[in-house]
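To start, the structure under review is shown below, and the notes come after it.
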Amino acid sequence: YINIATPIWKRWWFITAIIVFALGVMAVIFVNRIKAIRRKSQMEKALGKANLESLKLQMNPHFLFNAMSAIQRYMMRNDAPKASNYLAQFSKLMRTVLENTRSEYIVLEQEIEMLESYLTLQSIQHKGNFSYIITIDEELDPEEIAIPPMFAQPFIENAIEHGIAEMEKEGVIDISFELEDEVVVLKITDNGIGLEKSQERKQKKEPKKKQDNGDHHQSLATKITQERIDLYQKSLKKKFSFEISSSAQGTQVIFHLPYQNL
């Protein structure tokens, strides 16, 4: 029989129930923890794959071939200073891109340096037929703020290759970083011919294979960027988006990027 005078905490069934309940809670916590680790691992793998695809976009064979050709031209002209300067810029860009691929956030100053190196090389390849300007909001300290890397470059390349490459007037690419509420707004604006007219020209002037390659790179840049944004949003739980608008007066790409204060 049960001795009602015995304190409840001394009864075997009560102690057993407490132990079972505690083990059950521990088991649930353990299982949820394992699931969270697996989800994080899957997220990191997916993000790593997306970043690798982004790296392929930035270092595409067309750009690498043009870079090597430029160095070769300087060497054939016995212009060692220009060949050395170009090679130094190219090496710096390669190193920076590879380093940035491994990070979720990089210092804004590093992102700007990478874009400047890339634009310098492109300007040389295109014989200075475009100019560029990079502006930074006064409220942003490039050394004290970090953003997700490598979103701007593929669209800058599209602006150069598909927007201003065949223009008779000088092309202009305007890149700006502004602080707005809880995000950094990155704008890439060019005065090129616009996406629609660019596609029309390709259909008239270029063979089908080359046309497909150009359109493929442009659509691939958009697809991979959206995939990276979706993964970043799931991982960081922060606002992250981009949009493209284009007309005969040019094209503008706007990113809303999360940031960290250092």
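The values are calculated or read from the model by the stated rules, or taken from the named source; none is laboratory data. Model, not experiment: these values are computed from the prediction. Don't worry about glycine lacking a Cβ; one is built from the backbone with ideal geometry, like all the others, and counts go over all protein chains shown. Quick note on the areas: whole protein, heavy atoms, side chains included, nothing else; ligands and nucleic acids left out. Shrake-Rupley method; radii C 1.70, N 1.55, O 1.52, S 1.80 Å.
Descriptive notes on the structure:
- Residue match in the range 131-142 (condition: aromatic (Phe, Trp, Tyr), open to solvent by less than 10 Å² (accessible area, probe 1.4 Å) and either under 22 Å from Asp190 (Cα atoms) or in a helix (DSSP H, G or I) (or both)): no
- Within the range 166-196, being out of contact with any helix residue (DSSP H, G or I) (no Cβ under 8 Å at 6 or more places or on another chain), in contact (Cβ under 8 Å) with a residue 60 or more places away in the chain and over 17 Å from Ile145 (Cβ atoms) holds for one residue alone: Thr189.
- Being surrounded by 18 or more Cβ atoms within 10 Å (Cβ to Cβ) and without any contact (Cβ under 8 Å) to a residue 24 or more places away in the chain is a property that does not hold for Ala88.
- Considering only residues in the range 198-228 that are polar (S, T, N, Q) and open to solvent by 80 Å² or more (accessible area, probe 1.4 Å), the one that is modelled with the lowest pLDDT turns out to be Asn213.
- In the range 234-254, the residues that are open to solvent by 50 Å² or more (accessible area, probe 1.4 Å) and β-branched (Val, Ile, Thr): Ile244
- Gln110 being in a helix (DSSP H, G or I), over 15 Å from the mean Cα position of the chain (by Cα) and either surrounded by fewer than 20 Cβ atoms within 10 Å (Cβ to Cβ) or modelled with pLDDT of 85 or more (or both): no
- The listed residue being modelled with pLDDT of 85 or more and either crowded, with 16+ Cβ neighbours inside 10 Å or under 18 Å from Gln122 (Cα atoms) (or both), out of Leu257, Leu231, Leu195: Leu257
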